[in-house]
Amino acid sequence: MNEKVLSRQFDLPHLHKIDVYLENGGYEAVRKALRLRPEEIVEEVKKASLRGRGGAGFPAGIKWSFVPRVDKPKYLCVNADEGEPGTFKDRYIMSHNPHLLIEGIIITSYAVGIHLAFIYIRGEYEKIAQRLEKAIEEARNKGFLGRNILGTGFDLEVVVHRGAGAYICGEETALLESLEGKRGHPRLKPPFPASVGLFQMPTVINNVETVANVPLIILNGADWFLSLGQPKDGGTRLFSVSGMVERPGVYELPVGTPLRKIIFDYAGGVKNGRKLKAVIPGGMSAPILLPEEIDVPMDCESVMKRGSMLGSAAIIVIDETVPIIEVLSKVTKFYSHESCGQCTPCRIGTSWIHKIVKRMASGQGRKDDLKEIERLASQIKGRTLCPLGDAAALPILAIVNKFRAELEAMLPQ
Amino acid sequence: MPKITIDGQTIEVAEGTTILKAAGQAGIDIPHLCYHPAFPPEGSCRLCLVEIEGAPKLELACATVVREGMVVKTQSEKVKEARRSVLEFLLAEHPLDCPICDKAGECQLQDYYELYGLFESRYRETKEKKEKLVRLGRHLLLDRERCIQCTRCVRFLLEITRTGELGVFERGIKSIIGFYEGEPVDNNYSGNLAEICPVGAITDLDFRFKTRRWLLDSRPSLCPLCSRNCAINIEFHRGLARIELGQRVFRIRSRENPQVNQYWICDLGRYSYRYLDENRIDRPYQLVNGRRMNLSWEKLFILLSEKIRALRIRKKTSRIVLVLNSALTNEELFLMRRLFLEELAVSRFIFCDPPEEKGDSFLLTAERVPNRRGAEKIGFDVKSREEVLGEDKIDLLLIFAAHLPEKMPLNWLSPLASQIGAKFLFASQESKLSQLVDFVAPVTPVAEKAGSFINVDGLMQSFEAALNPWGESRPEWEILVNLAREIPVNYRYFGRFNSPRAIREAMAEEKLIMSERP
Amino acid sequence: MSAPVFEVIRKEIEAILPRYPRKEAALLPALHIVQRKLGFIPPEGEKLVAQLLEIKPVRVREVVTFYTMFTRKPLGKYHLQVCSNLSCSLAGGESILKYLEEKLGIKAGETTPDGRFTLSTVECLGACDQSPCLMVNDDLYGQLDRAKVDELLATLE
């Protein structure tokens, strides 16, 4: 079944205006949720197996249940930083249906006992931030935000907070640092944000798409949500498809849809009838796949088993005309540019590898360059303070490993 | 109390102990750069990664708290390789400055490379170029190419001095340490930054290009410049054959003392050491009509003891005035009391401590003498009781000025000088005071003697001599013991005191609790 | 730096401070306000923000130099930010950049002498289905080719 659920109404004109949204069933989920007990909502979301859609894929309900029921201020941070190259689904959700996200925020906050929620949105999405702020104002005017929401005694404020151009701020602890007015330097974990988060208080950080699914789960139930996807990975995903396909765009499909199907049946296949060379399945941080590997079902477990990750479900299609060195260069440039600089292996390693690849790309490769790149990437892998190290190392290792011959051919023998 | 195993050794440690600290207790050193015991773990250098049985990845020793039954390996191949790789990354972008870098010989990068590295350099790209001579304020220079981004400097200024002058600018490989223009590092603890910097990124202008670390010996002492009595190390030149350096002490460094100064010293204590080698009095001398005539100590003792004996016989020791200061050690003040106040019935003494100056809320006290508490404990009224000057004629004036003759408030001396019989000055430094007296004798400053002080918090600390006496300088306690023999006064009592330790033992025996004032 | 605009900036920043449990948390929004009003963040802007948020200027400088959207140098009237990441590159983004460099007579990182255009390369803008993309200040333009670039430049006076 490929009925749209989350993006079902996205083509309705002016859906971002609350009157249109309300006319079309909007805020029913909030009404229903506020009549439930918070613990019930957490259990339902756990049962639904809603996994994080930002990249890490951590089950949302379980994350929420880590927040201690203590009498301290608690916060929700919606991660709208969408920096993973190839990903644009959250832009889509927030510009087409900001109220769905707001509903999700209200329900999530109610479930965990949060009264102040931040939407950390990347600075480049200024226009979308403005749209969100207008929607929040509309919601407040209708009594869905502010004090004593719908007479239930539940208070919630939502603040839109803009980033300023740093991919690392998509990492949850760097996001917290940035929200506290500092450089986006990831924190050591433990402690985890659920116990020590924003301003040292218990905090939930969830991706836009994750939160946007919550109203659907409330309205239609966990069983329904689970049935859309896979046993431990419920619902649909919004796949961002780009690169050399006929029809790039956002495709909402059940979790577990095979990658081949998404590319060839939905996105029209490789553009201009060319041959497929490689596919990045989950945003740039997901190791590259070869044409023979694209029958993989797009759910967290399956892609992991195939040696990559579902990540942000951003699919980048690469055809035979693209020299793989170009892909490798973009990867190394990106991570060295985005490294926050805190920890030794990432700060120096990503830059070192990029210097080698730049040299290779300009025709000045040396005999042992590939060996060096592999050695250095292996020294970054698993050794860094935050996941950006692996996000750089694993894709680099996959490209070198799977396209060794093509890269070797660039080097003197 | 969890029991854990590190490298095969099983030890029991307190709840909440990190692997790094636990290893230290077991005598195992885990290399680390960004970690400093004064701050919470930073976790950015990645050098302290160790293997924990059952854990999928290597974990940080500095930040991981031990759990019952944890098995840690710090010497496995995986750990060794991880350490080598961190060192390799750091050295890849590190300038080859060792031959001109002041940190050579005490550089963590050098030391760790020797212990855990020893690999061939494989970096064949262009190193990042950054500014190498950034003045950080006061005495500090920053070389941005040498910086390994451990952020100890930034954190020191945020957590310890709470002045926060330094920050990290830019991002990634371009990261640099910097300050806001017009707001450089300008606090009284800036010198600690050069000490805690593990490499030669932050260096001290005071030490720049002067000597090499391996030419210096280091001996512990206490700082005598205020009443905190911080633990210090005095670092002095070993001496080169046939080369006259003219300078012994090249720097003062802090010494760890959890009860007093933790890991730090203030800039006043750090940079005030030149007096140890400059402007010293070499030997005793007498001033006759403004002309200097050298004396031997023996001669000096004979002359002084004659004068004291003469007054004692005529029961005129009331004509003796003693000028003291709170830089004298407990042992010396004890002897002053026993010998002068009690045995010789000298009642006219005054303390002429330098005036108080501004203290801070951390280490530096307003009092600029080390042992006022000691003097009080031994029963002295440390106020300057200038009224004693007018009580009677002054036939003999003994000024004990320690290292403070420039600073002692002795304005009353000049007008009275002609009316005073014989004037003796015991000091380590030359000063204008020397012109106003008849006899000058050199004493050893704190760095050159042993003794004990009681600091502002009432803590008593003993110390040993760090340097040899300059010229013919002698410690005040030795002078007093010799004087007791010469006069003679109860030598059976005083003759036992062949070291400050012996004096301390006597003080303990005599249950030194002085509540009455003499 | 004229006083009136600083008054406006001050008022705008003060208006957003109550949204946050701590003043320092408003640093990024405050800097956005400064940059929107002045086109860049001069030392006076840093110091004003520091004063309003009760933090030291060095903390402001740390943040200004960390985030790529903040600039300490004035930009042209139109900041052309060309995506240089993978999907846009696969769609011909590099040639769009080269074309712009030709047309404007400047290299990426530079500003035209008349102050109209600053040309930069940026990382993924999150609009990969419209590759190749660029942003002009806050506005996104996608599916670019030479013709569209010519059209766009014509509208930017």
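Rule-based calculations on the coordinates, nothing more; no lab input. Computed from a predicted structure; not experimentally measured. As a convention, Cβ positions derive from the backbone with ideal geometry for all residues, glycine included, and neighbour counts pool all protein chains shown.
Things worth noting here:
- The residues neighbouring B:Glu159, those whose beta-carbon lies less than 14 Å from its own, together hold a net charge of +1 under the Lys/Arg +1, Asp/Glu -1 convention.
- Dipole of region B:63-194 [Lys/Arg +1, Asp/Glu -1 at C-beta], most positive-end residue of B:Ser175, B:Ser85, B:His139: B:Ser85
- Relative contact order %, chain B, counting alpha carbon pairs below 8 Å whose residues are six or more apart: 11 percent
- The alpha carbon convex hull volume per residue for region B:93-204 rounds to 113 Å³.
- Compactness of region A:58-140 as Cα Rg over 2.2 N^0.38 Å, two decimals: 1.16
- All Cα-Cα distances of region B:263-342, cut into 10 Å bins from zero to the largest, leave 13, 26, 37, 17, 6, 1 percent in each bin in turn.
- Overall, region C:78-155 carries a charge dipole of about 140 debye about its Cα centre when +1 sits on the Cβ of Lys and Arg and -1 on the Cβ of Asp and Glu, all other atoms neutral.
- Its Cα gyration tensor gives region A:89-184 an equivalent ellipsoid; the semi-axes, largest first and in whole Å, are 24, 16, 11.
- For region C:98-147, the share of alpha carbon pairs falling in successive 5 Å distance bins from zero is 5, 18, 28, 26, 17, 5, 1 percent.
- Cα-Cα pairs of region B:285-509 separated by more than 26 Å (percent): 33 percent
- Estimated from helical segments only, the mean residue ellipticity of the protein assembly as shown at 222 nm is -9000 deg cm²/dmol, where each DSSP H run of four or more residues counts as -39500 (n - 2.57).
- Tensor-based shape of region A:112-241 (alpha-carbon gyration tensor, a/c under 1.5 rounded, otherwise prolate or oblate): rounded
- Among the listed pairs A:Lys46/A:Lys333; A:Lys271/A:Lys330; A:Lys277/C:Lys107, a Cα-Cα separation exceeding 28 Å is found for A:Lys46/A:Lys333; A:Lys277/C:Lys107.
- Computed over region B:376-518, the range of Cα coordinates on each principal axis works out to 43, 39, 36 Å, biggest value leading.
- The magnitude of the dipole of chain A, with charges of +1 and -1 set on the Cβ of Lys/Arg and Asp/Glu and taken from the Cα centre, is near 780 debye.
- Listed from fewest to most Cβ neighbours within 10 Å, the set B:Arg253, B:Arg337 follows the order B:Arg253, B:Arg337.
- Anisotropy class of chain A from Cα gyration tensor, a/c 1.5 cut: prolate
- Ratio Rg/Rh [Cα only; Rh per Kirkwood] for region B:191-317: 1.16
- Kirkwood's formula applied to the C-alpha pairs of region C:25-157 gives a hydrodynamic radius of 15.8 angstrom.
- Remark: mean inter-chain Cβ contacts per residue of B:403-413 equal 0, using a 10 Å Cβ-Cβ cutoff to other protein chain atoms.
- The angle between the Cα long axis of helix A:98-112 and the longest principal axis of the Cα atoms of chain A comes to about 70 degrees, rounded to the nearest 10.
- Sorting the segments A:159-168, B:105-114 by their mean number of nearby beta carbons within 10 angstrom, highest to lowest, gives A:159-168, B:105-114.
- Applying the Kirkwood pairwise sum to the alpha-carbon positions of region B:3-90 produces a hydrodynamic radius of 12.9 angstrom.
- Neighbour counts of C-beta atoms inside 10 Å place B:Trp297, B:Trp477, B:Trp214 in the sequence B:Trp214, B:Trp297, B:Trp477, starting with the fewest.
- Evaluated at q = 0.18 Å⁻¹, a Debye calculation over the C-alpha positions of region A:233-292 (equal weights, vacuum) places log10 I(q)/I(0) at -0.61.
- Ordering A:Gly229, A:Val241, A:Cys169 by Cα displacement along the dipole of region A:136-245 toward the positive end leaves A:Cys169 in first place; charges were set at the Cβ atoms of Lys, Arg (+1) and Asp, Glu (-1).
- The mean sequence distance of close C-alpha pairs (under 8 Å, at least 6 residues apart), as a share of the length of region C:3-66, puts its relative contact order at 31 percent.
- Packing around the peptides C:79-90, A:42-53, C:51-62, taken as the average count of other Cβ atoms within 10 Å per residue, puts them in this order, highest first: C:79-90, A:42-53, C:51-62.
- Projecting the Cα atoms of B:Gly359, B:Asn192, B:Pro442 onto the charge dipole of the protein assembly as shown (Cβ charges, centred on the Cα centre) puts B:Pro442 farthest toward the positive pole.
- Relative contact order of chain A, pairs being alpha-carbon contacts under 8 Å that are 6 or more residues apart, as %: 16 percent
- Within region A:324-408, the ratio Rg/Rh, alpha carbon atoms throughout and Rh by Kirkwood, equals 0.94.
- Counting Cβ atoms of other protein chains within 10 Å of each residue's Cβ and taking the mean over peptide B:54-66 gives 1.
- Shielding by partners for peptide A:179-191, expressed as the average number of C-beta atoms from other protein chains within 10 Å of each residue's C-beta, is 6.
- The protein assembly as shown pair-distance distribution - Cα-Cα, 10 Å bins, rounded %: 2, 9, 16, 18, 16, 12, 9, 7, 6, 4, 2, 0, 0
- Global geometry of region A:18-228, whether rounded, prolate or oblate, following the gyration tensor of its Cα atoms and the 1.5 cut on a/c: rounded
- Once Rg and the Kirkwood radius are both taken over the C-alpha atoms of chain B, their ratio Rg/Rh works out to 1.07.
- By the count of neighbouring beta-carbon atoms within 10 Å, fewest first, A:Val196, A:Val303 end up ordered A:Val196, A:Val303.
- Between helix A:344-361 and chain A there is an angle of about 50 degrees, using the helix long axis and the longest principal axis of the Cα atoms.
- Surrounding net charge for A:Glu406, when Lys and Arg each add one and Asp and Glu each subtract one, Cβ distance under 12 Å: 0
- Dipole magnitude for the protein assembly as shown: about 1940 debye, using +1 per Lys or Arg Cβ and -1 per Asp or Glu Cβ, origin at the Cα centre.
- In region A:195-268, inverting the average of 1/r over every pair of distinct C-alpha atoms gives 14.3 Å as the Kirkwood radius.
- For B:Glu125, net neighbour charge (Lys/Arg +1, Asp/Glu -1) across residues whose Cβ lies under 12 Å away: +3
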